[in-house]
Amino acid sequence: LEALKGKRGDYQHGCVPVFLELKRFTTGEVDLVKAIADEFTICGFPNSLRTTQKLLDQGKLLILLDGLDEVPTQQLNDAITKIQDFADQYKQNRFIASCRTAAYKSGFRQFVDVVMADFDNEQIQQFITNWFRSEEDRQAGTARSCWELLQQPAHAATKELAQTPLLLTLLCLVFDDSQNFPEKRAELYKQALDVLLSKWAAEKRIQRDPIYKDLTLTLESMMLGEIAYKGFEADRLFFSQREVIEQIRTFLASNLNAPNHLDGDVILQAIQIQQGILVERAKDVFSFSHLTLQEYLTAQHIADNTWIELLVSHHLTDQRWREVFLLVAGVIRPGADTLLLQIEQQSKTYLNTPKLQSLICWANQSTQNSEGSLNPAAKRATALILARVLDPSIALDFDIIFVRLSGLVQILAFSLFPLDLNHVLGFVRYLSRDLSHALACGLMLVSDLEKIKIFFETINFSKMIIQLEAIKSHVPDKHQSYEVRRAFADQVLSIWRNSLNLKAEWLDLSEAEIHALNDYLYANDLMVRCKEAAVRVSPQVWTEIESRMLTMQEQ
């Protein structure tokens with residue numbers, strides 16, 4: 001487009017651009033001179049063949065060779081040779097070729113290799129606008145609808161995928177099919193994978209190799225799932241070509257109904273070029289084109305083999321597996337009940353000391369039957385946040401615990417976090433350096449608690465405010481010794497603990513206990529998010545789980 005602008009454009013070379021779709025070279029005849037002349041004929045140039053030859057001889061053409069990866073495999077080597085010879089013969093012209101990395105084997109001697117960077121927001125929007133540019137789409141506002149949908153918080157993860165041109169292409173294809181993105185991410189990835197497996201080649205009109213046609217999409221999906229799972233289980237995102245080929249061969253050999261005449265090397269090459277699911281990152285080093293695809297295929301493999309108990313027992317608190325858990329919840333049939341119950345049972349094992357058990361019992365007993373409108377489990381989670389606030393050594397781990405618990409409260413309550421975050425965080429963070437500010441935040445926090453009524457009526461907040469107000473005049477300044485300031489901070493914490501019926505020893509947790517509490521809270525947070533990600537959950541099962549959440553009750 002810049003070249004067509006002439007002097008008004010930014011392209012520095014005085015060339016006429018010619019766009020050639022390489023997928024048209026479906027036979028052994030690759031005649032680039034004729035292909036260029038045909039383009040000129042279509043555009044109404046007189047004597048197109050003579051014009052082509054003259055412009056080539058004068059070096060006046062910018063030849064754009066689009067989609068080397070879309071050339072049928074049986075013609076690919078010949079096409080590369082013809083293009084290279086053509087570029088050598090008419091080297092005074094300028095050439096640009098596009099190709100997915102997986103299909104490119106550095107066959108062009110005079111070309112400079114350039115890799116596409118991730119898209120920013122403006123580029124994503126422009127891509128979507130370009131994709132849905134038909135008159136019908138323009139009248140319907142398809143591009144605008146697609147872009148606006150990506151801006152919604154519910155589709156934040158989807159928008160992350162859109163940074164990669166290939167995955168944005170998948171999203172456009174999915175949106176074109178349904179005019180929507182599935183709310184459940186597992187369904188989105190399923191549709192995207194379906195596009196890759198079955199629709200991509202059709203959309204691009206790529207001719208599949210006959211040897212590859214015999215591998216059904218169901219078999220291929222199972223095979224890719226096995227490769228994905230083994231790699232993810234071993235914490236490996238990259239595989240050697242030999243490993244992948246051997247896994248393909250093993251899969252085919254272990255399946256009585258799989259075609260036994262297929263060659264693993266040929267299958268790998270076809271998956272690269274025709275689908276782009278596996279890509280070559282460096283010479284003989286492969287990975288899935290996006291981590292999301294590997295995670296989804298891993299989740300599908302776990303669900304297919306009903307390895308839920310194994311998944312939970314081995315990987316529940318490993319945050320690298322978090323996305324896999326959420327995807328398993330979305331793909332498992334007939335529903336996610338078993339997964340949720342397994343997570344609940346495993347989470348209880350982390351409450352393995354009397355202090356932790358006492359803390360959980362306190363959160364339950366102090367909020368039970370209170371007047372507030374919050375969900376009972378959300379009340380218990382809010383109480384645990386306060387308990388951790390009142391630990392003198394909280395600064396080391398409060399942020400982690402607060403993020404988990406506050407997120408849990410919001411999901412359970414279907415609303416924003418009920419306390420003012422500035423009051424909570426101000427009380428914690430200023431207690432060690434600005435006692436006056438910390439005390440003020442603490443007083444406002446007490447008022448917040450009075451309003452939301454999560455605690456049982458035996459807790460007297462009015463008396464607590466009087467006690468805190470009484471010591472305001474005794475706040476030490478920053479020039480006083482650390483011991484004096486520490487003693488005042490302890491006095492503030494003691495008023496809070498006594499008012500809430502919290503024993504100081506319950507909060508004096510060892511490093512191992514804090515780690516166990518983190519694991520327990522993480523597991524509960526993940527359980528709730530798996531429930532949200534699932535397609536189907538039994539109302540009765542979830543009601544029972546929620547009633548036991550953050551308590552010492554057993555299943």
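The values are calculated or read from the model by the stated rules, or taken from the named source; none is laboratory data. Given the structure is predicted, the values throughout are model-derived calculations rather than measurements. Here Cβ is always computed from backbone atoms with ideal geometry, including for glycine, and neighbour counts include all displayed protein chains. Surface accessibility is based on the protein's heavy atoms, side chains included, excluding ligands, DNA and RNA. Shrake-Rupley method; radii C 1.70, N 1.55, O 1.52, S 1.80 Å.
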Pull up region 369-384, narrow it to residues that are under 20 Å from residue 542 (Cβ atoms) and outside any helix (DSSP H, G or I), then point me to the one that is most open to solvent (accessible area, probe 1.4 Å). 373
Go through (1) assigned to a helix (DSSP H, G or I); (2) open to solvent by 10 Å² or more (accessible area, probe 1.4 Å); (3) more than 30 Å from residue 548 (Cβ to Cβ); (4) in contact (Cβ under 8 Å) with a residue 12 or more places away in the chain for residue 476 and report which single condition fails. (1)
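Residue-by-condition table, conditions (1) open to solvent by less than 40 Å² (accessible area, probe 1.4 Å); (2) more than 24 Å from the chain's Cα centre (by Cα); (3) at pLDDT 80 or above:
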site: 118; (1), (2), (3): no, no, yes
site: 136; (1), (2), (3): no, yes, yes
site: 167; (1), (2), (3): yes, no, no
site: 193; (1), (2), (3): yes, no, yes
site: 201; (1), (2), (3): yes, yes, no
site: 214; (1), (2), (3): no, yes, no
Pick from region 169-183, criterion open to solvent by 30 Å² or more (accessible area, probe 1.4 Å) and modelled with pLDDT under 80, ranking: nearest to residue 271 (Cα to Cα): 177
Yes/no for residue 300 being part of a helix (DSSP H, G or I), touching a residue at least 60 places away in the same chain (Cβ under 8 Å) and either within 26 Å of residue 219 (Cβ to Cβ) or in contact with a Gly (Cβ under 6 Å, 6 or more places away or on another chain) (or both): yes
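Looking only at region 303-335, which residues are among the basic types (Lys, Arg) and either within 18 Å of the chain's Cα centre (by Cα) or assigned to a helix (DSSP H, G or I) (or both)?
Keep residues of region 303-335 that are among the basic types (Lys, Arg), which gives 320, 322, 333.
Within region 303-335, 320, 322 qualify.
From 523, 487, grab the single residue that is under 43 Å from the mean Cα position of the chain (by Cα) and assigned to a helix (DSSP H, G or I). Break it down stepwise before answering.
Numbers: 487 fails: under 43 Å from the mean Cα position of the chain (by Cα).
Answer to the check: 523.
Quick check on my filter: what residues within region 256-294 are among the small types (Gly, Ala, Ser) and either more than 23 Å from residue 185 (Cα to Cα) or touching a Gly at 6+ places or on another chain (Cβ under 9 Å) (or both)?
Step one: filter region 256-294 for residues among the small types (Gly, Ala, Ser), giving 258, 264, 270, 276, 282, 287, 289.
If the condition is that a residue be among the small types (Gly, Ala, Ser) and either more than 23 Å from residue 185 (Cα to Cα) or touching a Gly at 6+ places or on another chain (Cβ under 9 Å) (or both), then 258, 264, 270, 282, 287, 289 are the ones that fit.
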Taking region 323-333, which residues are open to solvent by 20 Å² or more (accessible area, probe 1.4 Å) and touching a Phe, Trp or Tyr at 6+ places or on another chain (Cβ under 9 Å)? 323
So is residue 264 without any contact (Cβ under 8 Å) to a residue 60 or more places away in the chain, under 21 Å from residue 196 (Cα atoms) and surrounded by 13 or more Cβ atoms within 10 Å (Cβ to Cβ) or not? yes
Residue, modelled with the highest pLDDT, within region 152-163, restricted to residues that are surrounded by fewer than 16 Cβ atoms within 10 Å (Cβ to Cβ) and more than 14 Å from residue 123 (Cα to Cα): 152
In region 33-76, which residues are free of Cβ contacts under 8 Å to residues at least 24 places away in the same chain and outside any helix (DSSP H, G or I)? 43, 44, 45, 46, 47
What pairs can you find where one residue is in region 127-144 and touching a residue at least 60 places away in the same chain (Cβ under 8 Å) and closer than 17 Å to residue 159 by Cα, the other is open to solvent by less than 70 Å² (accessible area, probe 1.4 Å) and assigned to a helix (DSSP H, G or I), and their Cβ atoms are less than 8 Å apart, with a gap of 6+ or different chains? none
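Rundown of residues vs (1) in contact with a helix residue (DSSP H, G or I) (Cβ under 9 Å, 6 or more places away or on another chain); (2) farther than 25 Å from residue 234 by Cα; (3) at pLDDT below 95, yes/no style:
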| residue | (1), (2), (3) |
| --- | --- |
| 314 | yes, no, no |
| 318 | no, no, yes |
| 322 | yes, no, yes |
| 332 | yes, no, yes |
| 335 | yes, yes, yes |
| 340 | yes, no, no |
| 344 | yes, yes, no |
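Which residue, of 461, 488, is of a type in the set (Phe, Trp, Tyr) and modelled with pLDDT of 90 or more? Can you show your working first?
Numbers: 461 fails: modelled with pLDDT of 90 or more.
The unique qualifying residue is 488.
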